[in-house]
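Comments concern the structure below.
What follows draws every value from the coordinates through simple rules; no lab data is involved. All of these numbers come straight from a predicted model, not from anything done at the bench. Heads up, the Cβs are rebuilt from the backbone with ideal geometry, glycines too, and the neighbour counts pull from every protein chain shown.
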Amino acid sequence: MAKFLIGFMGSGKTTLAKAWSKDAIDMDDYLEQKYGRPICDYFDQGEEDLFRQRESEILQELVATDQIIATGGGIVEKAINRELLKEAEAVIFLRLDFEPLYERLKQDRKTNRPLFLSLKKEDLYHLFLKRQALYEEVATTIIEVADRTPSELIKDFLNQ
């Protein structure tokens, strides 16, 4: 069964998934390819609900695979997604405190993150706090990621 990496944007889900398996799937990339539309377009057009619906459809499709899957940071927003994640073999929450996470996001110039670009720091912090409880609700494992390499994090998970 699938192994999911969850956590707030910038926590390292995609980086860790790619380090763990060359066949890892990034759900955001998969969604963009499947529907031929960049994620930022959904947010720019006021269609976050459509994006979240498509994200749920992809989660349902991928939950039965044997893949390592990096989810989008908001995957836990919908109750149906949380229920699906609870059925997965492994759901690894990559936890990082807000300030170092915010600094990562500020320095990441190559990734277009609609919510980061549109929210004030205070609003982003409130979203971060809201999601923390949701990540913890579905996680089978919680790994602190601060100042650690992907290989160290993979060893941590495999040794549990």
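For the listed residue pairs K86/K121; K13/K86; K22/K106; K86/K106; K78/K106; K18/K130, the alpha carbons are over 20 angstrom apart in K86/K121; K22/K106; K86/K106; K78/K106; K18/K130. Checking every one of the GluC sites (Glu not before Pro) in the stretch 12-106 against DSSP loop status and a limit of 16 other Cβ atoms within 10 Å picks out E47, E87, E89.
Gain in length, E83 to R148, computed as 0.36 nm per residue apart minus the alpha-carbon separation, to one decimal in nm?
Values: separation 65, 0.36 × 65 = 23.40 nm, distance 2.98 nm.
Working it through step by step, the gained length comes to 20.4 nm.
Which loop-located trypsin sites (Lys or Arg not before Pro) does the stretch 12-58 contain, where loop means any DSSP state but H, G, I, E or B and the Cβ has at most 12 other Cβ atoms within 10 Å? Of the trypsin sites (Lys or Arg not before Pro), the ones in loops of the stretch 12-58 whose Cβ has at most 12 other Cβ atoms within 10 Å are K22.
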